[in-house]
Amino acid sequence: MPALAIATDLSDDAHALVRLVEARHSCRGFLPTPVPRATIDTMLTIAQGAASWCNSQPWEVIVTEGEATNRFRDKLYAFATNQNWADQGNRPERPDFPFPARYVGIYKDRQRKTGWALYQAVGVAHGDRAGSGRQMLENFRLFGAPHVMIITTEEDLGTYGAIDCGGYVAHVLLAAQSLGLATIPQAALAGVADFVRDWFAIPKHRKIVCAISFGYADPEHPANSFRTTREKLENVVRYVG
Ligand SMILES: Cc1cc2nc3c(=O)[nH]c(=O)nc-3n(C[C@H](O)[C@H](O)[C@H](O)COP(=O)(O)O)c2cc1C
């Protein structure tokens, strides 16, 4: 993210938060180095501070370590590469929560801009569908991360349970950043919910919100060489006096 246009007279707390928010970005190329269990525990303990409606704390998390990550990665990648992703009339995604119906207008613009930035970074030319497909499939290799977490919510808590999990995800991302870890939230894995559910024996009443692959960033990986931007405040905030 570009430097946030904010006041300079900030408290140390605000400075620390701004530093973390500005430094965090989605990582799509990890080193294989595992994260110590104590560090993962610290990250997840910080994230437990997330707010939720009625303090219901609907999130539950599965975290892979060691060979369990590789076993999952290998089977997930094999499963995903056998799907016919190119056939738009037969989308293989079967998420527990419906994916966005469409991106139009500014949403389409932002989606395109982010996609192009990624493809340019990894050397996929405009219109190279095979290349963009290969990059998309990297989701299912967990971008080489040594760990993935699967975040689920309770079916009965509905949309607001999923909203609470979104807040939890944001806490995980910033907690990880504060500990020197890199992350990528992934709806892609929610798109193959049945596979993920079977693999980890997740009960039917637990709905898969998303995954987060995490570990240490590979600073040399081209996919990590671009940053996204954000809309100007005046375009998203309406003050009413
Ligand atoms: C709920 C959620 C799901 C996401 N799913 C994916 C995904 O499946 N694959 C991917 O490459 N990025 C995914 N992202 C990452 C977004 O593309 C990224 O957050 C966005 O482009 C902003 O970039 P930044 O995270 O670097 O600031 C997801 C992000 C969120 C919050």
Dipole moment magnitude, nearest 20 debye, the range 126-223 about Cα centre, only Lys, Arg, Asp, Glu C-beta charged: 140 debye
Net charge, Ser178 excluded, C-beta distance under 10 Å - Lys, Arg +1, Asp, Glu -1: +2
Full-stretch length increase - Glu67, Ala187 - with 0.36 nm per residue and alpha-carbon distance subtracted: 40.9 nm
Counted charge near Leu31, where neighbours are those whose Cβ lies closer than 10 Å (Asp, Glu -1; Lys, Arg +1): -2
Positive-end residue, the chain charge dipole about Cα centroid, Cβ charges, pick of Leu44, Leu17, Gly191: Gly191
Size of charge dipole - the chain - debye, nearest 20, with Cβ of Lys, Arg +1 and Asp, Glu -1, no other charges: 740 debye
Cα gyration tensor shape for the range 116-186, rounded if a/c is under 1.5, else prolate or oblate: prolate
Axial C-alpha extent at least 24 Å, average Kyte-Doolittle at least 1.0 - helices from the chain (DSSP): none
Cβ-placed point charges (K, R +1; D, E -1), dipole of the range 108-151 about Cα centre in debye, nearest 20: 160 debye
Net charge of neighbours whose Cβ lies under 14 Å from the Cβ of Arg230, counting Lys and Arg as +1 and Asp and Glu as -1: +1
Under 25 Å from the Cα of Lys108 - lysines, other chains or at least 8 residues apart: Lys232
Prolate/oblate/rounded label for the chain (Cα gyration tensor, a/c 1.5): rounded
Two-site FRET efficiency, Arg19 against Phe200, from Cβ-Cβ distance with R₀ of 35 Å, rounded to 0.05: 0.50
Relative contact order %, the chain, counting alpha carbon pairs below 8 Å whose residues are six or more apart: 36 percent
Distance between modelled label sites at Tyr160 and Thr39, nm, 7 Å Cα→Cβ extension: 3.8 nm
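Read-outs throughout are calculated quantities, based only on the coordinates presented, and are distinct from any laboratory measurement. All values reported here derive from a predicted model rather than from experimental measurement. Cβ sites come from the backbone with ideal geometry, for glycine too, and all protein chains shown count toward neighbours.
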